Each structure stands twice: as structure tokens, then as C-alpha cells.
1. Calculate how steeply helix 342-352 sits against the longest principal axis of the alpha-carbon atoms of the chain, using the helix alpha-carbon long axis, and give the answer as 0 to 90 degrees to the nearest 10.
2. Pull up the DSSP beta bridges for the chain and report the antiparallel fraction as a percent, rounded to 5.
3. Take the Cα radius of gyration of segment 18-94 and divide it by 2.2 N^0.38 Å, with N its residue count; two decimals is plenty.
4. When only C-alpha pairs under 8 Å and at least 6 residues apart count, what is the relative contact order of segment 1-145, in percent?
5. Be a star and scan segment 620-662 for residues whose amide nitrogen sits under 11 Å from the point 7 Å along the Cα-to-Cβ vector of residue 593.
6. At 222 nm, what value in deg cm²/dmol follows for the chain if DSSP H runs of at least 4 each add -39500 (n - 2.57) and the sum is divided by all its residues, to the nearest 500?
7. Between segment 382-436 and segment 462-496, what is the separation of their alpha carbon centroids in Å?
8. How large is the Rg to Rh ratio of segment 463-542 when both quantities use alpha carbon positions and Rh follows Kirkwood?
Ligand code: TRP
Ligand code: ZN
């Protein structure tokens with residue numbers, strides 16, 4: 001919080017640090033009502049800096065108790081400290097700085113720095129939390145070797161953890177004890193971590209390829225001890241995978257994970273001491289869904305992979321965040337694809353990108369993968385930096401091939417081990433290892449907005465030539481009116497009557513030997529390009545953007561029969577799924593058109609037939625069938641409609657519900673048979689062979705929920721008999737959504753009564769209610785905020801109830817009277833001072849006012865109300881002001 005207008009930090013202003021801190025010794029005296037932090041920093045002038053003048057160390061919310069320079073208190077006129085840090089005049093070339101500060105972890109509700117969560121001390125230092133612990137050069141290009149001493153009450157805090165290896169442990173007077181941790185690897189302050197608490201742990205070992213014996217420990221509250229096994233198995237898989245796929249081994253003797261209930265994000269990769277949101281590490285069948293198990297596996301791997309992509313090689317400054325996040329998301333996505341279903345993982349990621357990231361790229365907060373300015377860096381942990389950043393790395397992989405990419409990553413790690421580097425360094429390593437030039441490719445890092453590809457084709461019957469003409473264009477985004485063409489890998493195939501056709505580009509000699517030449521990656525780099533394939537005996541259906549080969553929108557005027565053909569017959573799983581989705585979008589368009597014209601909609605027989613085929617016992621993969629049967633989400637449809645000029649959320653919702661009911665009616669018998677064919681497994685396990693059938697059965701149940709008693713009877717039985725959360729929640733949703741008021745309340749209350757002691761299950765219960773389509777949805781959410789299960793101080797609860805409501809219950813969030821906006825605005829206001837990071841994140845749905853033309857005024861009014869509040873945090877200020885700044889749409893007519 002500050003009084004002056006928060007200022008922007010700009011990439012262009014980057015200067016190397018004036019001083020370096022090769023060594024840092026910290027001594028924590030932990031008490032509940034205050035904590036003392038003694039820091040001894042060895043500072044030396046940075047030869048790479050020619051800056052002179054006073055040295056500023058960052059520090060926020062610190063009460064300075066002692067200050068010594070080389071053992072002596074400096075003269076009062078030679079130093080000063082304010083709310084943002086400490087300034088020393090004319091520091092010596094090399095000196096030792098000792099500070100003692102007093103902080104108050106118990107009062108720390110922002111969950112940044114050192115705080116208390118359910119009686120446990122823990123830290124969160126990324127991005128700039130370390131400055132709330134001690135005065136420091138709190139920037140990632142200052143890397144230091146840490147030694148950490150922790151003193152605390154032995155009974156209440158038997159477990160004392162920090163980064164690296166534990167080097168000593170002894171009892172002190174007054175029932176306290178002391179533990180010392182040393183981390184031999186120099187690291188930036190954002191990777192510092194400390195935990196103190198009464199924790200139980202599960203333990204395992206891992207032997208690295210190079211022969212290092214590593215102790216693996218997952219620390220949890222005693223009551224959660226049985227929920228750590230899945231994370232442990234995931235960790236070992238991740239360690240092995242990184243050795244095999246990237247040649248990366250773990251480098252310390254211990255790897256610790258701690259589960260914390262109050263946590264702003266998913267998890268944090270602190271060196272040797274990862275800290276996890278309980279929701280991303282604890283797992284057991286009764287409290288975790290199938291998706292939850294997969295999420296734990298992916299996030300454990302993600303944080304582990306950061307040990308190389310992030311920790312050993314880190315970021316020079318926060319503008320380079322995607323250097324570690326984009327790369328690491330790509331790495332964890334490939335890990336998940338290798339361990340599970342590659343097609344499904346790609347479908348999930350493409351869906352996230354197309355709905356949420358495309359929306360971000362089209363909104364007032366659009367920014368490049370490498371932003372060039374920010375007010376609050378916490379606001380830039382975005383889908384663009386993470387997910388689009390991962391797509392940029394994936395495109396490199398596609399362009400260079402697995403071997404070339406691996407050569408690039410080997411060179412990157414070798415060249416930059418122990419350094420803080422930039423996205424340019426990453427690209428340079430990729431280019432050098434492959435002896436290629438990626439200069440134009442690099443535009444992906446600097447240019448915001450989603451590129452649009454328009455494809456046209458022509459077939460010449462006589463010559464057998466088939467020409468694809470591709471135009472690319474990227475729309476303007478705030479601050480970037482003009483865009484340059486990008487390097488875009490466009491993967492494709494051509495589908496003929498008998499399957500995928502062999503591809504020969506004009507000028508090439510046909511390759512008779514190679515059977516697998518039905519797949520091709522065209523590299524686009526001009527605003528318009530044509531590609532001619534020769535020797536085609538028939539007019540093919542183009543299978544475009546296979547594997548979602550680039551984060552772009554693609555339009556080609558498919559006819560429905562062509563989509564149906566792709567859906568059943570293309571070799572590429574993503575294309576098959578995408579064609580099905582496009583068919584559904586077309587059918588939804590029919591429904592909306594009929595409704596608008598006041599006529600009765602009719603179900604597209606082609607779609608009904610396609611869905612029936614997916615439900616057929618002969619369909620090989622139930623998981624893929626489930627994904628293909630799922631209607632495009634409302635957010636996806638809203639994003640599509642917004643791109644086409646503005647979404648009518650009520651009409652979209654109405655059409656989608658109509659289609660769901662129509663398919664439910666037309667396919668009732670097949671749906672019921674499919675449910676029966678996939679009964680619950682004898683004993684639940686979160687494995688692919690069970691997850692697929694479960695997901696197909698529950699997808700069917702969702703359609704049958706529109707069939708009155710047929711659906712309710714199945715759901716009641718499933719809820720009564722289920723041995724796992726996936727099936728319970730699916731059934732509960734049907735009863736709560738489709739049952740009458742008595743059935744709904746009885747089911748919801750019964751569920752709460754049974755699971756109220758399990759916080760993570762209660763979060764699902766909150767989320768389920770937040771996303772019900774009921775006339776009083778807003779009132780229900782408001783009432784639940786008063787429920788004993790809710791807690792504004794716990795980010796998981798806030799996300800489950802308020803975040804889910806605003807992000808996923810679109811018709812009710814956008815209720816005509818503005819009640820949904822008022823609800824969200826009220827929570828943001830309440831959280832602004834308490835937890836600004838969460839407050840700002842929660843605001844996202846309100847920033848999308850441009851997509852909903854009929855609600856522009858109401859949404860902007862709520863944003864304006866927030867903008868006028870006194871003492872806005874920089875976090876909320878940045879989101880609100882940038883959202884309002886961008887122009888109102890021109891009035892039509
Ligand atoms: N680096 C974390 C990751 O793995 C993200 C993260 C965790 C984070 N906690 C945070 C970012 C708090 C900002 C603030 O992606
Ligand atoms: Zn990360």
C-alpha cells in the first residue's frame with residue numbers, strides 16, 4: 001500500500017546490480033508474536049556495474065533493530081530507511097552488513113514473506129517476498145550462498161526446515177532448539193524458504209543416475225499422513241523422467257516438500273524445499289478427484305523440474321519470468337503426456353489456451369510472453385507467461401525436432417549453469433546448438449495478441465495440384481498498434497477417401513520409400529504464403545493445426561460433412577477432437593439462430609449420429625470419447641463469440657442447455673447403456689484404465705441429468721455407492737442441479753455432514769454450489785460466505801467459492817441487475833488490504849467487460865467504484881486502472 005500513484009517498472013530500465021552478495025547468513029528467532037531476523041551479508045561491488053552513489057536494499061514492513069557495517073554502527077547521516085528499504089551512502093568496495101529486524105508473521109495475511117498458517121511458520125518469497133523478511137538486494141540476478149540458523153520452541157516446532165542440507169541440530173535453553181541449514185548452490189532470494197512446525201512426514205529414497213542417494217520427504221499435518229503417497233510416487237517419476245528426457249539429475253542429498261493450507265498459488269520451487277498448497281500435493285481417493293490426482297502429479301513434476309529450469313539457471317529479472325515458467329510448463333506437459341494420454345493432455349492444454357489465454361490476449365491486460373513493463377510483478381504470473389510461454393517453447397521443439405531441441409537445452413544448461421539469464425540467452429542456445437537463426441522467431445516473446453490464420457484452398461483436378469493459401473495477422477493490443485508476421489509451424493495432413501494422403505510439395509521428388517509422409521509442418525513467416533501439394537488424386541479435406549501446433553486462431557470454411565470426416569478419420573487426435581467441437585459449435589449456432597427467429601430449434605442429425613458413434617462400445621478410448629462428447633464450455637463459447645463481435649451470454653447458455661437436453665433425449669438409451677457398460681471399478685485407483693471409463697460414465701450422467709428420473713435414479717445410486725470423490729461429486733452435481741429443492745438441499749447437507757472435516761473436500765462442495773445454475777445463484781454464494789466452512793483468509797476457499805462463481809457461472813455472474821459484479825467487487829474490496837495478490841487475481845472476470853456488450857456499463861461501473869477506493873494496493877490498482885484505461889467500444893449506429 002502506498003499513497004503516491006504506483007509507478008511502472010520497465011524492462012528497458014534494467015541495470016546490473018551495484019553490489020553482489022556472495023554470502024548470506026540468516027539467523028531466525030521464531031516466536032508467535034514476533035520474530036527476529038539477524039542477517040549477515042557479505043557484499044562486494046559488482047564489476048559489471050559502473051553505477052555510483054548510495055546503495056539501496058529492499059525491505060518492507062521491517063522494524064530495524066540493529067545495523068552494523070563491518071561491525072560498527074554507521075553515522076546517522078550516512079544511512080536512512082523508509083517503507084521500501086534501506087539506503088547506505090558511499091558503501092566500501094567490499095563490506096559486511098549486519099541487520100536485525102523484527103517482523104510479525106502472525107499479522108501477515110498477504111501470505112508473502114514469513115507467515116503463519118495453521119500454527120506453522122512458512123515462507124513465500126517469489127517474486128518479491130524476501131524483502132518482507134530482511135533487507136536485501138531482492139532481485140533474481142543477485143545470487144548468494146545461504147546459511148540459515150533457526151531457533152524455535154522445541155515442542156511446538158519440532159520440525160525446522162530451510163534450503164539445502166541440515167548441518168547441525170541442538171537443544172537450547174528454555175525448551176527451544178536450533179537447527180542449521182546450508183545450501184551450497186548460489187541462489188536468488190526468491191528461492192529462499194523456511195518452515196517450522198509440528199509436522200509428520202513420509203519418507204522415501206531416490207538413487208540418481210550418477211549414484212547420489214537422495215532422501216525424499218513430504219511433510220504434512222499428522223492427520224494428512226495417508227495423503228502423501230501419490231505425490232511421492234509422482235516425485236520419483238519426475239526425477240527419473242528428467243534424467244531420461246533431459247539428462248538432468250538432482251543435486252542435493254535431500255529433497256523436501258511441505259504442504260501448507262494457506263497459500264496464494266499452487267506451489268513453489270524453493271531450492272531443496274518445495275512448498276505446496278495442500279490442494280496440489282495431498283491426494284487420496286476420498287478427497288481427490290481423478291483430475292486432482294493428475295494435477296498433483298503435474299505440479300509435483302513442475303516444481304521438481306524447476307530445480308534446473310529456474311534454480312540452477314535462473315532469471316536475470318522478472319520480465320524474463322517465462323524463461324523459467326514457459327520452459328517448465330512445457331517440460332511438465334511433456335511429462336504428463338508421456339505418463340498418461342498425449343492426446344488428452346494436448347486437448348486440455350489447447351482448451352485452456354483457447355478459452356482463458358486467448359481472452360487475456362484480447363483484453364485490456366494483454367501483454368507479451370516477455371512483458372515490457374509492470375506495476376506489480378505478482379500480476380504477471382499469467383496464462384500468457386505460463387501457457388503461451390510453454391507454447392512458444394513447444395513451437396521451438398516442433399521446429400528443431402526432439403534431437404535439436406535436446407541439443408539446445410543441453411547447451412543452455414551447460415552454458416548458463418549458476419547464472420541469471422534472459423529469454424534471449426535461451427533462444428541463443430537453441431539457435432547455436434542447431435546452427436540456425438531464430439531472430440524472427442523471437443518476435444513471439446515481444447508481441448502480444450493471438451495471431452489469426454486464414455486458410456483457403458484450391459484443387460486442380462487435371463494436374464492433381466492442391467494449393468493452400470495461408471494469411472496471418474495479429475490484432476492490435478494495448479500499446480502495440482502494429483504487428484509483424486511471426487514464425488508459425490502449421491502442422492497438417494490431407495485426408496482423402498481412403499485415409500491420410502501422402503504429401504509431396506511442388507518441386508520435391510515424391511518419396512516412395514517413406515510410408516510416414518502423411519504429416520507435414522509448414523513454416524509460415526510471411527503475411528501470406530501459398531503451398532502447393534502435387535499428385536493428389538482427389539480433393540482432400542485439410543487437417544489443419546494438428547496437435548495444436550501453434551497458439552493461433554485458425555479459420556477455414558469447413559462444411560459439416562468435412563468436420564465429420566476429420567472427426568472420425570484423421571490420424572491426429574487433436575484434429576479429431578477439434579472437428580467434433582466445431583461441429584458442436586455449428587449446431588449451437590443453429591439453435592441460437594432458431595431461438596432468435598422465434599422458431600423451434602432442431603437437432604443437427606449429423607451431430608446426433610456422431611455422438612451416438614462415440615457412445616458405441618466399439619469406440620476404443622473411453623477417455624477420448626468423453627472429451628469428444630463434452631460440449632464446448634460456456635467460457636470457450638463466450639470467447640469465440642466475443643472474438644466475432646460480442647457475446648450474448650444468456651443466449652449461449654440457453655442454446656448450450658437446449659443442445660444438452662436434445663442430445664440427452666435423442667440418445668437416452670445409448671447413454672444409459674454406456675453408463676451400465678462402465679460400472680464403478682471394484683476398487684478405485686487413479687489410473688488411466690479407470691479414469692477413462694469413469695469420465696465417460698459421468699459425461700453420460702451429465703446428459704442424462706436432463707432426463708428427469710432416469711438421471712436422478714442413476715445419480716442417487718452412484719452417490720450412495722461411490723468409494724471415491726470423482727463419482728460422488730459427479731452424482732452430487734446432478735442431484736443438486738436437476739433435483740427438486742428438497743433433493744438438492746438434502747444431498748448438499750448430507751455431503752457436508754459427511755465431509756466437513758476434510759478441508760479439500762469442503763472446497764469442492766463450495767465450488768459445486770458456486771457453479772450451480774439456479775435463479776438464486778448469487779444469493780447462495782453470498783450466503784455461503786457466512787458459512788462456517790468459508791474463510792476469507794484462505795485463498796483456496798476464496799477461489800473455490802468466489803473465483804469459481806465469477807469465472808465459471810457466467811449467466812449468474814453477469815446477472816442483469818449487476819448483483820454478480822457487486823458480489824465480486826465486495827470481496828475484492830475486502831481482500832485489497834488483506835491479501836492484495838488474491839484480490840487482484842479475483843478481478844480477472846470483471847476485466848473482460850469488452851466481451852459482453854450489454855453489460856459494459858455495469859462492469860465498468862464496478863471497476864470505477866473500486867478505482868475510487870482509498871488505499872488501493874498496487875496489485876488491484878494496476879488491474880483496475882489498466883482495465884478502465886482501454887477504450888470503451890464505439891457506440892454502434
Ligand atoms: N514459481 C511458482 C511456480 O511454480 C509460482 C508461485 C508460487 C508464485 N507462489 C507464488 C508466484 C507466489 C508469485 C507469488 O509456478
Ligand atoms: Zn513454475
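Every number here is computed from the coordinates shown, using simple stated rules; none is lab data. Quantities reported herein were computed from a predicted structural model and do not represent experimental measurements. All Cβ positions, even for glycine, are placed from backbone atoms using ideal geometry, and neighbour counts span all protein chains on display.
1. With rounding to tens, the tilt is 80 degrees.
2. On the way: 103 of 126 bridges.
Bridges in the chain are about 80 percent antiparallel.
3. Details: Rg = 13.6 Å, N = 77, 2.2 N^0.38 = 11.5 Å.
Normalised by 2.2 N^0.38 Å, the Cα Rg of segment 18-94 equals 1.18.
4. The value is 28 percent.
5. Within reach of a label on residue 593, which here means backbone N under 11 Å from a point 7 Å along Cα→Cβ, segment 620-662 contributes nothing.
6. Details: 29 runs with 345 residues, N = 893.
About -12000 deg cm²/dmol.
7. Taking the Cα centre of each part, segment 382-436 and segment 462-496 sit 23 Å apart.
8. Numbers: Rg = 15.6 Å, Rh = 14.3 Å.
Across segment 463-542, the Cα-based Rg/Rh ratio is 1.09.
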